[in-house]
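**Student:** Here's a structure for you.
The values are calculated or read from the model by the stated rules, or taken from the named source; none is laboratory data. Only a predicted model underlies this, so the values are computations on that prediction, with no experimental measurement involved. Virtual Cβ from ideal backbone geometry, glycine too; neighbours counted across all protein chains shown. Note: areas computed on protein heavy atoms with side chains; ligands, DNA, RNA excluded. Shrake-Rupley method; radii C 1.70, N 1.55, O 1.52, S 1.80 Å.
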Amino acid sequence: ARGRYVVSIAEGGSLAVRSQNVRQVVAEARVVGTSQPQLNGKVAAAATFDRATKRYRMEGLTSKGVVALKPENVILPQRTRVTIQDVISRPQLNGRAGSIRDVYGDRYVVDLPGEAPLKVRFHAAVAC
């Protein structure tokens, strides 16, 4: 309904919610390239992207609680819904939503509606 998610409510009925009012919880996001070798290669139980801090809040990596990581230090799994951001060479793509098809080196291959598959660096596609 007009670019909104339709959410079923337990009491019955449904609610149309804008995408900016929904936070995707990503399972199995992997940590890469941090300065903390004990974190690299670990898989988070849950990860959410915080738009205000531009960091992923990763749970289940340490016994100390949530770890905040930059998008370039997180590999999201296939089929994760993402928003394109900070693409300088093709700024018209910024703000568009798609899904991760694959990971190729240090880039995601993202499927965007009406576009050929797009390769973007990890920081340029964030879970939405």
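**Student:** Identify the single condition in (1) modelled with pLDDT of 95 or more; (2) surrounded by fewer than 11 Cβ atoms within 10 Å (Cβ to Cβ); (3) not acidic (Asp, Glu); (4) not in a loop (DSSP other than H, G, I, E, B) that residue 100 does not satisfy, given that it satisfies every other one.
**Tutor:** (2)
**Student:** Across segment 30-80, what is the total count of residues that are of a type outside the set (Phe, Trp, Tyr) and part of a strand (DSSP E or B)?
**Tutor:** Adding up the residues that qualify gives 21.
**Student:** For residues that are at pLDDT 95 or above and either β-branched (Val, Ile, Thr) or surrounded by fewer than 14 Cβ atoms within 10 Å (Cβ to Cβ) (or both), tally how many sit in segment 50-65.
**Tutor:** Result for segment 50-65: 1.
**Student:** Could I ask something else about it? In segment 6-21, which residue that is surrounded by 10 or more Cβ atoms within 10 Å (Cβ to Cβ) and within 20 Å of residue 127 (Cβ to Cβ) is modelled with the highest pLDDT?
**Tutor:** 17
**Student:** Oh, and also: Being more than 20 Å from residue 47 (Cβ to Cβ) and among the small types (Gly, Ala, Ser) is the filter; apply it to segment 79-128 and report the residue that is nearest to the chain's Cα centre (by Cα).
**Tutor:** 95
**Student:** Could you please find all residues in segment 105-116 being at pLDDT 95 or above and open to solvent by 70 Å² or more (accessible area, probe 1.4 Å)?
**Tutor:** Within segment 105-116, 107 is the sole residue that qualifies.
**Student:** Return the residues of segment 56-110 that are touching a residue at least 60 places away in the same chain (Cβ under 8 Å) and hydrophobic (A, V, I, L, M, F, W, C); say none if nothing qualifies.
**Tutor:** Residue satisfying the conditions is 97 alone.
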